[in-house]
Each structure stands twice: as C-alpha cells, then as structure tokens.
Amino acid sequence: VLEIYPDGRYLLFCGTAKQGLCTLYSQESLPRFQSLDANNMVNYLGSRKGTVAFFGRGLSVGSSNTTALYVGTNYDERPMEYFSEALSARRLVQATNGKYNISYLHEDPRTNAFSFINYLDGQDNYRVKFVYGFEYQGFSYFLTVQRDIFVNDYVTRLVRVCQKDPAFYSYTELTLNC
C-alpha cells in the first residue's frame, strides 16, 4: 500500500516487512517517518499476496466528511494475529501526543469489516483476491477474483459498499461476464 493521505502531508506505506505494519512518511522530508503502533492489529495492512487500499469519503459527521481508508486484503497464510480483516473501512486518527494510529471507521467490531470472505475453508475455495479499488458517486468499489462454488470456476466480481454505510449492510457483489 502506498497512498497519499488527503491532507497532502503524509504518505501511508504498508509493505510486507514487519508482518504488514504501516508507516507514515512525511512528504516534506521522506527520512521523517512514524511507524504505527505494533500493538494495534488494525495497523497491519500489508500482505504478501497483495492489498488494495484507497482513501475515499467516509461518513458525514456534522457538516464535515471524514476521510476513510478502504482496504481489501488478500490472505497470505500468516498467523491470524497479524492479519487484518479482509474488507474494511478505516481512518487515520491523530492522538493528543501527535502520533497517528489506524482505527476502524465504525466502532462496533461486529460490523466494521468483513473477515469471513477470505478464509471460510482451508482449500482456497472462498478466498477473495482483491485486484483494484476505487470510489465513485458515494460508493466504494473493489474488483475481485474468487471461486464460484456453483460453477466450480473462478469469476470476476465487482463489490460495492455505500460510503454512508459504516456497517457494510449495503455490501453487494456483481459477477462480471464477457
């Protein structure tokens, strides 16, 4: 993951080193950086099999919109304590000491992310491969490849989540056919 934080001052980088732990780099001086808290599992986004992430619009709070980090992470067989949710909406939060951390956009851990879509069985039958992500007219989209158990083949699907829905109740998939 290499994304410019919309305030224009930071680059968010989450690679495969340190189990995918993210780091914020200053755009003014790249040698200035802050590794995010290793004790906060939400700060682990990088995956050896790929992660799709982008900043987009989040929920409206009063008269201002929050900035959300939409993330689709491909499971890479690492220990589950270092793997983040498969699909989630998160945000960067600055503490009073000036340090940043990532938190889920919605506070209820039962509805802030989809974890089940990446590891229902040990045979990769339901694993989702996130290929690309973008926002358009109030929705966040992810292009995925996954096995369709009814036709026993891989299919390309477009996943859509309403940006006003932090609980992902609006989650929708559409199979793309040629």
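The values are calculated or read from the model by the stated rules, or taken from the named source; none is laboratory data. The shown structure was predicted, so the numbers you read here are calculated from the model rather than taken from an experiment. Reconstructed Cβ throughout: ideal geometry from the backbone, glycine too, with neighbour counts over all protein chains shown. Protein only, heavy atoms only, side chains kept; ligands, DNA and RNA dropped before computing areas. Shrake-Rupley method; radii C 1.70, N 1.55, O 1.52, S 1.80 Å.
For region 3-91, the fraction of 1.4 Å probe accessible surface lying on carbon and sulfur atoms is 50 percent.
What ranking do 86-96, 14-24 get when scored by the average of other Cβ atoms within 10 Å per residue, highest first?
Details: 86-96: 17.4, 14-24: 19.0.
Listed from highest to lowest mean packing, they are 14-24, 86-96.
Per 0.36 nm of contour for each residue apart, how much would the distance between residue 170 and residue 18 grow if the chain were fully extended, relative to their Cα-Cα spacing? Don't skip to the answer; put the middle values down first.
Values: separation 152, 0.36 × 152 = 54.72 nm, distance 3.34 nm.
Extra length from residue 170 to residue 18 when fully extended: 51.4 nm.
For region 157-172, 3J(HN,Hα) computed residue by residue from phi via the Karplus equation (6.51, -1.76, 1.60; θ = phi - 60°) reads 10, 9, 9, 10, 9, 5, 6, 8, 10, x, 8, 6, 5, 8, 3, 9 Hz, glycine and proline entered as x.
When you count the other C-beta atoms within 10 angstrom of each residue and take the mean per peptide, 25-36, 162-173 line up highest first as 162-173, 25-36.
In Å², what does the accessible area per residue of region 1-40 work out to with a 1.4 Å probe?
Working: 2390 Å² over 40 residues.
Each residue of region 1-40 exposes 60 Å² on average to a 1.4 Å probe.
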